[in-house]
1. Being surrounded by 21 or more Cβ atoms within 10 Å (Cβ to Cβ) and touching a residue at least 60 places away in the same chain (Cβ under 8 Å) is the filter here, so list the residues in the stretch 172-195 that pass it.
2. Have a look at 31, 49, 115, 62 and point out the one that is over 20 Å from residue 162 (Cα atoms) and touching a strand residue (DSSP E or B) at 6+ places or on another chain (Cβ under 8 Å).
3. Could you tell me which numbered condition residue 210 fails, if it satisfies all but one of (1) surrounded by 19 or more Cβ atoms within 10 Å (Cβ to Cβ); (2) touching a residue at least 40 places away in the same chain (Cβ under 8 Å); (3) out of contact with any Asp or Glu (no Cβ under 9 Å at 6 or more places or on another chain)?
4. Inspect all residues belonging to the stretch 139-162 and state whether any of them is within 14 Å of the ligand (Cβ to nearest atom) and in contact with a strand residue (DSSP E or B) (Cβ under 7 Å, 6 or more places away or on another chain).
5. Between a residue in the stretch 219-232 that is over 9 Å from residue 209 (Cα atoms) and any residue that is of a type outside the set (Asp, Glu) and in a loop (DSSP other than H, G, I, E, B), which pairs come within a Cβ distance under 7 Å, given they are 6 or more apart or on different chains?
6. Given the structure, is residue 245 more than 11 Å from the ligand (Cβ to nearest atom), over 15 Å from residue 170 (Cβ atoms) and crowded, with 17+ Cβ neighbours inside 10 Å?
7. Considering each residue of the stretch 111-141, count those that are of a type in the set (D, E, K, R) and over 17 Å from the mean Cα position of the chain (by Cα), and give that number.
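Please treat every number below as a calculation from the coordinates, not as lab data. Please read these numbers as outputs of a predicted model, since none were measured by experiment. In this analysis, Cβ positions are derived from the backbone assuming ideal geometry, glycine residues included, and neighbour counts consider all displayed protein chains.
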Amino acid sequence: MRRKIIAGNWKMNMTPSQAVALVNELKPLVANEEVDVVFCVPAIDIIPAMEAAKGSNINIGAENMHFEESGAYTGEISASMLTDVGVKYVVIGHSERREYFGETDETVNKKVLKALEHNITPIICCGETLTQREQGITIDFVRQQIKVAFLNVTAEQAKNTVIAYEPIWAIGTGKVATTEQAEEVCAAIRECIREIYDTDTAEAIRIQYGGSVSAASAPELFAQPNIDGGLVGGASLKPDFGKIVNYNK
Ligand code: PEP
């Protein structure tokens, strides 16, 4: 049985003082020993959010990192900077980073390798546009993203990654993929991992669904055999996130 992992993606929201207030508000609401809970927050919020989360089940993660070790990359943040303060999760290749900041499957792969080198679990995002879904190429497209993201990643390393399937048309739009659509693609991703590696690796890897997850849609989505939790944007900033984390109660 894979342990569920439910992560919030705060995006560019919350000043450091707001972050502390939100962590304090959500701390009692997201207590659930059966689930790994991660808040992926803006870089400047990481340290204060960690302080506020002390003694709780909340893991504080990052929303992005650079693939180089260090150097002349103004404005970027490195894997060592994250591990130095105890970060264990980082979102890689979110569709907003791909759309607005030029991230490609190749840079995603480089970041995945760098995160794994530093024992940070990458939450690797993939997902199709509405046009791709309408053209019937969703699974081919997502398989391609996964194959490139995992280039040169060993089976042992792959077991410690998380994949977030996020159809772009469902992110921040209030349009949730149907349970069948989400399960179909998550199952195809697991099959792709099985083809790249083996059954052991495919069964170990955790695959999240993301895209307008709410307290109402979470229980059915997370009950699917190939959906091991969620990556949650908008609803992770609200008390509703507690209900999503406690989808099984
Ligand atoms: C996301 O940002 O990864 C996301 C899924 O956002 P939302 O839940 O708001 O659709």
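1. Residue satisfying the conditions is 189 alone.
2. Working: 31 fails: touching a strand residue (DSSP E or B) at 6+ places or on another chain (Cβ under 8 Å); 115 fails: over 20 Å from residue 162 (Cα atoms); 62 fails: over 20 Å from residue 162 (Cα atoms).
Among 31, 49, 115, 62, only 49 is over 20 Å from residue 162 (Cα atoms) and touching a strand residue (DSSP E or B) at 6+ places or on another chain (Cβ under 8 Å).
3. (3) is the only condition that residue 210 fails.
4. Narrowing the stretch 139-162 to residues within 14 Å of the ligand (Cβ to nearest atom): 162.
Add one more test, that the residue is in contact with a strand residue (DSSP E or B) (Cβ under 7 Å, 6 or more places away or on another chain), and what stays is 162.
Scanning the stretch 139-162, I find at least one residue that is within 14 Å of the ligand (Cβ to nearest atom) and in contact with a strand residue (DSSP E or B) (Cβ under 7 Å, 6 or more places away or on another chain), so the answer is yes.
5. Taking only residues 6 or more apart or on different chains, the pairs are 219/247.
6. yes
7. The qualifying residues number 4.
Residue-wise test of (1) surrounded by fewer than 21 Cβ atoms within 10 Å (Cβ to Cβ); (2) among the acidic types (Asp, Glu); (3) in contact with a helix residue (DSSP H, G or I) (Cβ under 8 Å, 6 or more places away or on another chain); (4) free of Cβ contacts under 8 Å to residues at least 60 places away in the same chain.
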site	(1), (2), (3), (4)
122	no, no, yes, yes
129	yes, no, yes, yes
134	yes, yes, no, yes
143	yes, no, yes, yes
159	yes, no, yes, yes
164	no, no, no, no
169	yes, no, yes, yes
